[in-house]
Amino acid sequence: MRVGGFGGAEGLAAYLEANNVDFLIDATHPYADTISTNAALAAGQTSTPILALRRPPWQPMDGDFWVDVADSEGAVRALGRAPRRVFLAVGRQELSPFCKAPQHHYFIRSVDPVDPPLDVPHATYILARGPFNEAADQALLASHSINAVVAKNSGGTATYSKIAAARTLGIPVFMFKRPPVPDCAAVATVAEAVDWLYQAAGLELPRGV
């Protein structure tokens, strides 16, 4: 196990070679586009077979009101000038652009404290770690009179509850578009990744796996 960065594509390539890595699986977050790009470049530099594990994005359902935005800057523009009560679930690194729209009251949910806090007059911080459930998120949005949600289209089930809760309450969701991904082999599930790994290694998949 390694914690921390590699030093770009070149650093990751050196790590792959130094550790005699045979296969590389990119299982990062859908919005971690920098490491995904570096992984693809490092795999190409070292001729290491690579697979991307990519969760399918959420799809809008009947009753959803999604506004597609590119990023935080786009969300700030799309929110408009009229004051809103905005639930932010985009990650701490994407928060700073919202300081350009101090008229809104922001409700920020994060795993770790936001430090420094946003330079806005009205911000409420909610420390919590997923997975979350729809009933709790519906109660959270309703109790704070939230009238806008800003989120990333992360896919999966761990954080989908806020999207379902917004649908039930008729709240618009300003949804970040997925960033571009490198052109490499990709699967949607861990089971498919395991199957790929066994096939790439020329091994027979054990029964029951």
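A few points about this structure:
- The one condition in (1) of a type outside the set (A, V, I, L, M, F, W, C); (2) farther than 15 Å from residue 55 by Cβ; (3) outside the structural domain of residue 133 (by TED's automatic domain parsing) that residue 189 fails to fulfil: (2)
- Any hit, segment 130-149, residues being under 20 Å from the mean Cα position of the chain (by Cα), closer than 27 Å to residue 101 by Cβ and touching a residue at least 40 places away in the same chain (Cβ under 8 Å): yes
- Filter pass, residue 123 being among the aliphatic types (A, V, I, L, M), within 19 Å of residue 82 (Cα to Cα) and touching a Phe, Trp or Tyr at 6+ places or on another chain (Cβ under 8 Å): yes
- Scanning segment 169-181 for residues that are farther than 14 Å from residue 27 by Cβ and either in contact with a strand residue (DSSP E or B) (Cβ under 9 Å, 6 or more places away or on another chain) or in contact (Cβ under 8 Å) with a residue 60 or more places away in the chain (or both) yields 170, 171, 172, 173, 174, 175, 176, 177, 178, 179, 180.
- Among the residues of segment 16-56, those identified as without any contact (Cβ under 8 Å) to a residue 24 or more places away in the chain and under 26 Å from residue 203 (Cα atoms) are 18, 19, 20, 28, 44, 47.
- Near pairs, Cβ below 8 angstrom, 6+ apart or cross-chain, from segment 96-113 (within 13 Å of residue 86 (Cβ to Cβ) and in the same structural domain as residue 86 (by TED's automatic domain parsing)) to any residue that is surrounded by 15 or more Cβ atoms within 10 Å (Cβ to Cβ) and among the polar types (S, T, N, Q): 97/72; 98/72
- Within segment 60-101, considering residues that are modelled with pLDDT of 95 or more and β-branched (Val, Ile, Thr), the one nearest to residue 31 (Cα to Cα): 69
- In segment 73-131, the residue that is surrounded by the most Cβ atoms within 10 Å (Cβ to Cβ) out of those that are over 21 Å from residue 153 (Cα atoms) and hydrophobic (A, V, I, L, M, F, W, C) is 123.
- Among the residues of segment 132-144, some residue qualifies, meaning at least one is polar (S, T, N, Q), loosely packed, with under 13 Cβ neighbours inside 10 Å and at pLDDT 95 or above.
- Candidate set from segment 190-209 (those that are among the small types (Gly, Ala, Ser) and part of a helix (DSSP H, G or I)); member that is surrounded by the fewest Cβ atoms within 10 Å (Cβ to Cβ): 191
- Residue count for segment 154-189, restricted to those that are at pLDDT below 95 and in a helix (DSSP H, G or I): 0
- Selection count where residues are assigned to a loop (DSSP other than H, G, I, E, B), over 14 Å from the mean Cα position of the chain (by Cα) and closer than 29 Å to residue 158 by Cα, scope segment 1-59: 8
- Restricting segment 33-72 to residues that are within 26 Å of residue 9 (Cα to Cα) and of a type in the set (Val, Ile, Thr), the residue that is surrounded by the fewest Cβ atoms within 10 Å (Cβ to Cβ): 34
The values are calculated or read from the model by the stated rules, or taken from the named source; none is laboratory data. Everything numeric here is computed off the predicted structure, so don't read it as measured data. All Cβ positions, glycine included, derive from the backbone under ideal geometry; neighbour counts span all protein chains shown.
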